[in-house]
Amino acid sequence: MLRSLVGSEMCIRDRFRYKYPHLTVGALASSAVINAIEDYWQYDDQLYTSTSRSGAQCPTDIRAINSFIEEALLKSDESAAEMKKSFNCDSLTNNEFLSYIGDIYAGFIQYGQRAALCDMIKKGGKDIVSKVDTVRQWALKNQDADDYSIASLANTTYDPNKSSRQWTYQTCTEFGWFQVASKYPDRAMRSANVSLELSRDICRQVFGYWAVPNTDLENVRFGGIQQKSFNIVFTNGGEDPWQWASLLKTDNPKLHAFPVGCNGCAHCVDLYTPQSSDAFVLKYARWKTTKLIASWIRGESPISEPFTENTSVNK
């Protein structure tokens, strides 16, 4: 008898459970994105919501940094080249570079480091030039420009250390999840040029004109958020920008959704090593998940005992 555990983007165990319920007793779908969405503006919008938890100045600073960089790109070819070169992104087009910039912030927030991002920018200096340089110095050490180059994505040479082409193929042909700017301009955390049309154009250039995600078909095949399966626990961090493609609530008594809305709780937060300092809501989600899975394996009724700070998760 197999037990399924899934975390992160592909949600393969949830899909396996949906298609082959006779082979599993249940599944944990931690931060599992199950709803295919082509125009996934909610991802960027969540970046604004999350950074706002550090105060209004943090998203304001990020938007100012973006504007400064975009103005440099628009000023002249020489100015654009100089700006991209300073980030070691000489090989990128302007729009590829803007996608690269947007993902700097996204990486922090997706993995629960929103406070670190906002603190880094705050300590970087009061003027915009200093703030841009702070972001630049971090990016030079931590972010690979090749992952944003159409030429690199189109390269079919196998490299065990790179997976951007594989991920792009799946988004272009199945899931969408194109991380475009928020549909609310005053909340956008990346350039408006990072658009649905840009994402579609990247797909066409890398894989051909046939590479268009049919998200409606994908959701029919695997259920989307209209899940008809049973014995699945969906957990999502309250600051995770992927949560809007997952299941956050359900009326189905055989499906269980636990949004974990605590400070810094983001992608797959419930799978991290438990700490005594963890928020109550996170401890509760882990405890409830453990109890539910145990009841499925044993063929027992779901738990009804209360949970307190002193309740043992391993009981």
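The values are calculated or read from the model by the stated rules, or taken from the named source; none is laboratory data. Quantities reported herein were computed from a predicted structural model and do not represent experimental measurements. Neighbour counts run over all protein chains shown; Cβ positions are idealised from the backbone, glycine included. To get the accessible areas, we keep the full protein, side chains included, count just its heavy atoms, and leave off ligands, DNA and RNA. Shrake-Rupley method; radii C 1.70, N 1.55, O 1.52, S 1.80 Å.
When the Gaussian network model of the chain links Cα atoms closer than 10 Å, the mean-square fluctuations of Val269, Val25, Val33 top out at Val25. Near Tyr40, the amide H atoms lying under 5 Å from its own belong to Trp177, Phe178, Val180; only residues 5 or more places off or on other chains count, and H is placed 1.01 Å from N.
Give the accessible surface of segment 180-262 per residue, rounded to a whole number of Å², with probe radius 1.4 Å and ligands, DNA and RNA excluded. The partial results should precede the final answer.
Working: 4010 Å² over 83 residues.
Accessible surface, normalised per residue, equals 48 Å².
Taking the inverse of the mean 1/r over every pair of distinct Cα atoms in the chain gives a Kirkwood hydrodynamic radius of 21.0 Å. Of Ser276, Ser30, the residue with the largest accessible area leads and the full order is Ser276, Ser30 (1.4 Å probe).
By the rule of a C-alpha distance below 22 Å, with chain neighbours fewer than 8 residues away ignored, the lysines paired with Lys85 are Lys75, Lys131, Lys141.
Heavy-atom accessible surface of Asp186, to the nearest 10 Å², is about 100 Å², with a 1.4 Å probe and all protein chains retained.
Judged by the gyration tensor of its Cα atoms, with axes a ≥ b ≥ c, segment 14-163 is oblate; a/c meets the 1.5 cut and b/c is at least as large as a/b.
Amide H to amide H, with H built 1.01 Å from N, Asn236 comes under 5 Å of Ser31, Phe258, Val260, counting only residues 5 or more places away or on other chains.
Near the amide H of Thr24, within less than 5 Å, lie no amide hydrogens of residues on another chain or at least 5 residues away, with H placed in the peptide plane.
Suppose every Lys and Arg Cβ carries +1 and every Asp and Glu Cβ carries -1, with no other charges. What dipole size does the chain come out with about its Cα centre, to the nearest 20 debye?
Values: 34 positive and 36 negative charges, 252 e Å.
So the magnitude is around 1220 debye.
Within the same chain, aspartates and glutamates fewer than 8 places from Lys126 are excluded, and of the rest, those with a Cα less than 17 Å from its Cα are Asp61. Accessible area ranking (1.4 Å probe, heavy atoms, ligands and nucleic acids excluded), largest first, for Ile121, Ile128: Ile128, Ile121.
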